[in-house]
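The values are calculated or read from the model by the stated rules, or taken from the named source; none is laboratory data. The structure presented is a predicted model; accordingly, all values stated were derived computationally and were not measured. No Cβ is skipped: glycine too gets one built from the backbone with ideal geometry, and neighbour counts run over all protein chains shown. Calculation scope for accessible area: heavy atoms of the full protein, side chains included, ligands and nucleic acids excluded. Shrake-Rupley method; radii C 1.70, N 1.55, O 1.52, S 1.80 Å.
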Amino acid sequence: MSSRKPRSVANPLESAITTPSERILKECHGLYIDNENGLVKIASSLGLRLLPPRKKIIVMIMGNHSAGKSSFINWYVEEHIQKTGVAIETQGFTFITSGRKRESLTGNATLHLYPHFRPLLEFKGVTDYLSAEISTSKQKKFNLVTFVDTPGLVDGDMIYPFDVNCAITWLGEQADLIFVFFDPMGQALCKRTLNIVERLSEKCGDKLMFYLSKADEAGKETDRQRVMMQIVQELCRRPGLNKCGFEMPTIYIPNPQKPSRCVNQIDGVCQTIEKTINQAVQKTLDQLEKDCDLICSTIHGRLEQDRADVTYSRSVRLHSFLCGAVGVFLPVLFILSFIVSTFSKEQLGEMLGEGAALTFTIFTGVVLYFWEWIPEDGQVVFVIVFGAFCYLLLLLAKHFAGKRVKTLSKKEKRVMTDYRDYIQDIVKTKKGKLYEWYLQQCAAEYDL
């Protein structure tokens, strides 16, 4: 068992990273996936299943078609990755993330990159409409974000090649943030969009954020307010969405060549993403401690159970030995008594010696005394009962022998103890230092 601290392999583009959040998420991820002493490997050896924490938050963007979902992603990344237009450009799910080089991945490769999303395979037809776009951009907080661009939603006769409602709902449950874009051009009240939003609100309403996208295209301020009132009224008609404190900021992609008087709160979207990243750091550190406690408690329970198993095994081994010994000794003594009775004391003394001969004479004398005490017509019955009793003792010996439980070997106990010490001395200490370092970035020195 090695006690070295885990190493995580950094790619060239990550070597210059200095942000506290990324460093903490990266190091926590390394504690899980380390080949020698990773928490995933340790948990697996104990029969537990742990998933390494994601190094990035997941932001899912949904809305009707042409709501500006892809345009927002391109603006945030500052690279033209997703197609944009009035037509339904996004027909499937696209993961947009940062990486070493510009690359496009298909369905199976995407699921290898994101093993957390393998349950998507249960939705028939989704894999063929699943892709990933890897960009080298490091703009804003993109190196800590993975966007999920969803299919544009429409009503009517539009047929999707998979169950789009269930797939979006499931992805929304896995995401850290869900942005719902309503555009002011007549499609904002798409019933399919509202149905999915209502379902998501029941399961993960705290993740939902509503935005009026393309707000600069809504005409005058009065027109914009009218559109927002229509959307809010439609949302409030649904019990699951009729909540206090409802907000729907107006956003649009800034264009220096087309200045607009409309208030643009798109920077607030970036602040929401950054806030969620900071919360993800805290959740990751808390989850790291919970997973450490889970592993340590499991090891403690296994070692305690092994001690109880060892005591129990010794007890049943003793019972098995006693029953077997008596079950063999009694019939052997019974038979030897009759054999020894055919020899005289002198003959026994010559063959066994005086001490052994005396011992045999005493034992055989006791057996023969009880045998003579039994009436002749009951001796056959006694032999049958006596044989059955000895046979029962042998069965009991076999029964006790079968009740012995498997206990841990010395090597297994040593490995478990080393794992526990490693987690207590290395992982938890590292977690404490990361938490302290994280707090130093945001709290005053005297508060610490």
key: Selected residue [over 22 Å from Lys214 (Cβ atoms), hydroxyl-bearing (Ser, Thr, Tyr) and open to solvent by less than 60 Å² (accessible area, probe 1.4 Å)] from Tyr160, Tyr129   = Tyr160
task = Kindly indicate whether Val316 is part of a helix (DSSP H, G or I) and either touching a residue at least 40 places away in the same chain (Cβ under 8 Å) or at positive phi (or both).
result = yes
inquiry  = Which numbered condition in (1) free of Cβ contacts under 8 Å to residues at least 12 places away in the same chain; (2) touching an Asp or Glu at 6+ places or on another chain (Cβ under 8 Å) is the only one that Gln347 fails?
reply    = (2)
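One line per residue, one yes/no per condition, for (1) farther than 29 Å from Gln282 by Cβ; (2) open to solvent by 10 Å² or more (accessible area, probe 1.4 Å); (3) touching a Ser or Thr at 6+ places or on another chain (Cβ under 7 Å); (4) in a loop (DSSP other than H, G, I, E, B):
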| residue | (1), (2), (3), (4) |
| --- | --- |
| Ser44 | no, yes, no, no |
| Arg49 | no, yes, no, yes |
| Lys55 | no, yes, no, yes |
| Lys83 | yes, yes, yes, yes |
| Lys101 | yes, yes, yes, yes |
| Ala109 | yes, yes, no, no |
| Ile134 | no, yes, yes, no |
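Here is a yes/no grid of residues against (1) modelled with pLDDT of 80 or more; (2) open to solvent by less than 50 Å² (accessible area, probe 1.4 Å):
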{"site": "Gly349", "(1), (2)": "no, yes"}
{"site": "Ala388", "(1), (2)": "yes, no"}
{"site": "Lys406", "(1), (2)": "yes, no"}
{"site": "Glu412", "(1), (2)": "yes, no"}
{"site": "Thr417", "(1), (2)": "yes, yes"}
{"site": "Arg420", "(1), (2)": "yes, no"}
{"site": "Asp425", "(1), (2)": "yes, no"}
remark   = Picked from the stretch 247-282 (must be among the charged types (D, E, K, R) and modelled with pLDDT of 85 or more), the residue nearest to Glu221 (Cα to Cα) is Asp267
message = If a residue must be more than 25 Å from Leu394 (Cβ to Cβ) and part of a helix (DSSP H, G or I), how many such residues does the stretch 320-358 contain?
response = 13
inquiry  = Looking at Val281, Val326, can you tell me which residue is over 21 Å from the mean Cα position of the chain (by Cα) and touching a residue at least 12 places away in the same chain (Cβ under 8 Å)?
reply    = Val326
message = Restricting to the stretch 186-232, give me the number of residues that are of a type in the set (A, V, I, L, M, F, W, C), outside any helix (DSSP H, G or I) and either surrounded by fewer than 16 Cβ atoms within 10 Å (Cβ to Cβ) or modelled with pLDDT of 75 or more (or both).
response = 4
key: Unmet requirement for Gly324, which otherwise passes all of (1) closer than 30 Å to Thr417 by Cα; (2) surrounded by 12 or more Cβ atoms within 10 Å (Cβ to Cβ)   = (1)
ask   = Does Val310 satisfy being open to solvent by less than 60 Å² (accessible area, probe 1.4 Å), of a type outside the set (Phe, Trp, Tyr) and either over 25 Å from Tyr391 (Cα atoms) or outside any helix (DSSP H, G or I) (or both)?
value = yes
query = From the residues in the stretch 106-144 that are of a type in the set (Val, Ile, Thr) and touching a Phe, Trp or Tyr at 6+ places or on another chain (Cβ under 7 Å), which one is farthest from Trp75 (Cα to Cα)?
reply = Val126
inquiry  = Suppose we keep only residues that are among the β-branched types (Val, Ile, Thr) and either within 12 Å of the chain's Cα centre (by Cα) or in a strand (DSSP E or B) (or both) within the stretch 57-73. Which one would you say is nearest to Lys141 (Cα to Cα)?
reply    = Ile57
